[in-house]
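Undergrad: This is the structure I have questions about; it appears just below.
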Amino acid sequence: MSEDFGFVRVAAAVPKIKLADCAYNSKQIKSLIDDALAEQVEVICFPELAITGYTCGDLFFLQSLQKNALEVLQEICEYIRGQAIVVIVGAPLKVDNNLYNCAFVMTDGEVVGVVPKINLPNTGEFYEKRWFASGRNTSERIDLWNGDVPFGSNLLFSTNRFTFGVELCEDLWSPLPPSTQLAIQGAELIFNLSSSNCLVGKNDFRRQMITQQSARVHCGYVYTSSGWGESTSDVVYSGSTYIAENGEMLCEGDRFQRQSHIEIQEIDVECLRTDRQRNTNFTKDQQAKYQKVYVAPIELTERTEPKHRKFCSAPFLPTKGQEENYAEDALLIQCTALARRWEHTKAQTLLIGISGGLDSTLALLIAVQTADMLGFSRKQVMGITMPGFGTSDRTYRNALKLMDLLGVSQHEIPIREAVMQHFYDIEQNPENHDITYENSQARERTQILMDLANKYNGLVVGTGDMSELALGWATYNGDHMSMYGVNAGIPKTLVRYLVRYQAQNRFGAEVCATLMDIIDTPVSPELLPTDKEGEIAQKTEDKIGPYELHDFFLYYFLRYGFSREKIAYLASSAFEEEYDTETIRHWLDVFMRRFFTQQFKRSCLPDGPKVVAVSLSPRGDLRMPSDAYEIKN
C-alpha cells in the first residue's frame, strides 16, 4: 500500500428504534453497519443505550430486557466477525449488584472492552441514578460470552493505526470530561454515545462544546445521539450527529430524521499528532492509571482517502460567516503592532515605497489607519513612488491616485538615472536584463527609503508579504529589508482579501475603484521593461507559480509538517477543477526548492507581527538553519 496519509474514516450513526424491542433495534443497527462497511468505515459509533432505547425508564430493571440486550450484542458481534470495522454501541449491563449504562466496543466477533458512564444526570426527566450506578472508579474484568473482558472508565483502545477513547453523554457536560484525561493519556479520537434531548438553543451550545473540546485536547470528536423512536412523553430527541477535528466541525447531520441515518467523515490523525507534539504541556499524568486495550489490527487493502471531506483551497482565508470578524482581527493586529512600534521609536513619520501593487497598498492602508488610531496627521505618513525601468502607467497612476485620495504626504523620486550611474560604476551593461539589472533597482529604492527615514526622523515600513518571504522572492537587502515588516505575517492570498475587504467596507467610491483596479493588476516586481503597449511584461506568477497554490503548500508544510506526497494529494483534491496533478507537483517542487534555499533571507528579517496560524519569523515560529538541505519526501 502507498503512503498512509493518516486519515481515519469514522461514522456517527442513529438507528430508528422501538423502545425495549432489542431485536428490531438490532436490525436497524446491522443495516447501518452494512452502510458503513460499504464505505470502508473503520469505526462506527451508535447512541447511548441504542440496543434498548434510552427512555425505557423502570423497564431497565427487568431481567428479560437485560438478557435480550446481551443476546443482541452477541448477535452483532458475530455479524461483524471477519470485517475490518470497530463498532461502539450502547446497552445496559449488570455487574454484580449494579446496573451500568455502558458502551460496548466490538470488533471481529469479540467485545474488546466495556466502558461504563461516569457522570449520571440528576435532573427531573433524566434521573439516571434511579436505574444506573456510576462507573467512576471501576477498573476490573468481567465475564461475557466471549470470555474475560476489560470493564472500566479508564480504557484506551489502540489499533495498529490510532488510539481512541469513549465517553457517554453527560460525561462531556461535566466540569472535567473524561475525554480530557483520555486524550492526555493518548486517545486521538473520542467517541461520545449520547442521548441528549432537544431544546431551543441547545443545539448551538452543544455544537460549540464539542468543537471546543476537540480543540482543547487536540482530538477528533465523534458524537451521536438518540433520535426517532425514543419516548416523547416529556422531551424530544433529534438524532444529532457531529464529527469535529481539532476545533473545526467537519460535518453535522440533519436533525429530526424519521429514518435511520449515518454521517461519515475522515479525521486526520497526523494533524492531531503534530499539534500535540508542539504542545509541550500535552504530557501524560503519570499518577493516572489507564489500561490500554489492543484492538485487532484493521487491515486496509488501500489507504484511507478523504472522499467525504472537502479541503478548502484557501486555508488562510476566513470560513463562511466569519469574514468580517476575521478581516477586522487581521487589520487590528497589523495596526496595533505598527502603532506600538511607532510610539516606542518616537518616529515623526512612516515611510512606505508605493508601487501601485497589492503589498504596498495594504501597507499604506494600515499606516493610514494607524495614524488615525493614534490621532496623528495622515501627512506623517510619507508615500514614496520611485518609478524605474519597468514601472507601468497603470501602477504609476494608481500609486499617485491612492496617495492623493488617502491624504498622505507624497514624494516622487525616479530611480532611472541613479541606477544607470550605478551600472556604469559596476560595469553592468544596461541591455543585459539579468538578476543584477533587477536587484540594483530594488536596492536603490531601499537606499532612498532608508536615507529619507534618517532625514525625516522616520520609520521605513516594509511591504513584503509572507508568501514572498517563503519563496525568497525578494532582493536581499533590497525590498527584503525595512525597519518594521507590517505585512510579514500576511500571505499573498490574504493580502488580496484584506485590500478587497477594505475597498468594500471602509472607503468611499473613489478609493474603492482605485483599490479594485490594484487588485486586478497582475502581481509584478516591475523590474524589467514593459512591453510595446506599456503593459507589465514581468508577471510574478508566470515565473514562480500561482500564489494560491504556494499559500496552500505553505500552510500544510509549516502548520502540520506534512510530507510532500500528502501535500500534493490534498492540493489535487482542493484544486481539482483548477489544476491537474502534474501542474501541482511541478509548482510544489518549485516551492520546496525555493523554501529551503532562501532561508538565509528569513534568518535576518526585521520585526513584524504574526497574524495567521503560521509565521516565518526567525525569532518565533521558524527556527531553521540557513543551510538545511531540501527534504525530498
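Undergrad: When you scan the range 150-161, do you find a residue that is touching a helix residue (DSSP H, G or I) at 6+ places or on another chain (Cβ under 7 Å), among the polar types (S, T, N, Q) and either free of Cβ contacts under 8 Å to residues at least 12 places away in the same chain or outside any helix (DSSP H, G or I) (or both), even just one?
TA: Checked the range 150-161: at least one residue is touching a helix residue (DSSP H, G or I) at 6+ places or on another chain (Cβ under 7 Å), among the polar types (S, T, N, Q) and either free of Cβ contacts under 8 Å to residues at least 12 places away in the same chain or outside any helix (DSSP H, G or I) (or both).
Undergrad: Kindly check whether there is at least one residue in the range 265-278 that is assigned to a loop (DSSP other than H, G, I, E, B), at pLDDT 80 or above, hydrophobic (A, V, I, L, M, F, W, C) and buried (at least 16 other Cβ atoms within 10 Å of the Cβ).
TA: No.
Undergrad: Let me ask something additional. Does at least one position in the range 430-453 carry a residue that is of a type in the set (Val, Ile, Thr), on the phi < 0 side of the Ramachandran plot, in contact with a helix residue (DSSP H, G or I) (Cβ under 6 Å, 6 or more places away or on another chain) and at pLDDT 95 or above?
TA: No.
Undergrad: Then there's this: For the range 541-605, please list each of the helices (runs of 4 or more DSSP H) lying entirely inside it that holds at least 1 residues being at pLDDT below 95 and closer than 16 Å to ARG623 by Cα.
TA: In the range 541-605, 547-560 are the helices (runs of 4 or more DSSP H) which contain 1 or more residues that are at pLDDT below 95 and closer than 16 Å to ARG623 by Cα.
Undergrad: Of the conditions (1) assigned to a loop (DSSP other than H, G, I, E, B); (2) among the hydrophobic types (A, V, I, L, M, F, W, C); (3) at pLDDT 95 or above, PHE507 clears all except one; give me its number.
TA: Every condition holds for PHE507 apart from (3).
Undergrad: So for the range 139-146 (the condition being at pLDDT 95 or above and either crowded, with 16+ Cβ neighbours inside 10 Å or touching a helix residue (DSSP H, G or I) at 6+ places or on another chain (Cβ under 8 Å) (or both)), does at least one residue qualify?
TA: no
Undergrad: Right, another one. Pick from the range 219-260 the residues that are surrounded by 15 or more Cβ atoms within 10 Å (Cβ to Cβ) and of a type in the set (Phe, Trp, Tyr): which of them is farthest from the chain's Cα centre (by Cα)?
TA: So the residue we want is TRP228.
Undergrad: Would you tally the residues in the range 510-530 being in contact with a Ser or Thr (Cβ under 9 Å, 6 or more places away or on another chain) and either assigned to a loop (DSSP other than H, G, I, E, B) or free of Cβ contacts under 8 Å to residues at least 60 places away in the same chain (or both)?
TA: Of the residues in the range 510-530, 8 are in contact with a Ser or Thr (Cβ under 9 Å, 6 or more places away or on another chain) and either assigned to a loop (DSSP other than H, G, I, E, B) or free of Cβ contacts under 8 Å to residues at least 60 places away in the same chain (or both).
Undergrad: Please list, ordered by first then second residue, the pairs with beta carbon atoms under 6 Å, 6 or more apart or interchain, first in the range 383-410 and farther than 19 Å from GLU438 by Cβ and among the basic types (Lys, Arg), second part of a helix (DSSP H, G or I) and modelled with pLDDT of 95 or more.
TA: Qualifying pairs under 6 Å: LYS401/THR514.
Undergrad: So, in the range 170-214, how many residues would count as being more than 25 Å from the chain's Cα centre (by Cα) and assigned to a loop (DSSP other than H, G, I, E, B)?
TA: So the count comes out to 9.
Undergrad: Let me ask something additional. Counting only residues that are within 21 Å of GLU412 (Cβ to Cβ), assigned to a helix (DSSP H, G or I) and over 28 Å from the mean Cα position of the chain (by Cα), how many does the range 320-359 have?
TA: Residues meeting the conditions: 0.
Undergrad: Which of the numbered conditions does LEU19 fail, given that it passes all the others? Conditions: (1) buried (at least 19 other Cβ atoms within 10 Å of the Cβ); (2) in contact with a Ser or Thr (Cβ under 7 Å, 6 or more places away or on another chain).
TA: It fails just one condition, (1).
Undergrad: Looking only at the range 1-38, count how many residues are without any contact (Cβ under 8 Å) to a residue 60 or more places away in the chain and of a type in the set (D, E, K, R).
TA: Total meeting the criteria: 4.
Undergrad: In the range 422-447, what count of residues is obtained for those that are assigned to a helix (DSSP H, G or I) and either among the charged types (D, E, K, R) or touching a strand residue (DSSP E or B) at 6+ places or on another chain (Cβ under 7 Å) (or both)?
TA: 5
Undergrad: Which of the numbered conditions does MET466 fail, given that it passes all the others? Conditions: (1) touching a Lys or Arg at 6+ places or on another chain (Cβ under 9 Å); (2) more than 23 Å from ILE490 (Cβ to Cβ).
TA: All conditions are met except number (2).
Undergrad: State which residue pairs qualify: first residue in contact (Cβ under 8 Å) with a residue 60 or more places away in the chain and inside the range 585-609, second residue assigned to a helix (DSSP H, G or I) and of a type outside the set (A, V, I, L, M) in any location, beta carbons under 6 Å apart, and separation of 6 or more residues or different chains.
TA: Taking only residues 6 or more apart or on different chains, the pairs are PHE591/HIS550; PHE591/PHE553.
Undergrad: Among what's in the range 442-474 and is of a type in the set (Val, Ile, Thr) and crowded, with 22+ Cβ neighbours inside 10 Å, pick the residue that is farthest from LEU622 (Cα to Cα).
TA: It comes out as VAL460.
Undergrad: So for the range 480-496 (the condition being buried (at least 24 other Cβ atoms within 10 Å of the Cβ), outside any helix (DSSP H, G or I) and hydroxyl-bearing (Ser, Thr, Tyr)), does at least one residue qualify?
TA: Yes, that holds for at least one residue.
Undergrad: What number of residues in the range 1-27 are in a loop (DSSP other than H, G, I, E, B) and over 30 Å from the mean Cα position of the chain (by Cα)?
TA: 7
Undergrad: Right, something else. Name the pairs whose Cβ atoms lie under 8 Å apart, with the first residue in the range 190-211 and over 20 Å from CYS102 (Cβ atoms), the second among the acidic types (Asp, Glu), and 6 or more positions between them or separate chains?
TA: ASN197/GLU125; ARG207/GLU252; THR211/GLU248
The values are calculated or read from the model by the stated rules, or taken from the named source; none is laboratory data. In this text, all values refer to a predicted model and were calculated from it rather than measured experimentally. Note that each Cβ is placed from the backbone with ideal geometry, even for glycine, and that neighbours are counted across all protein chains shown.
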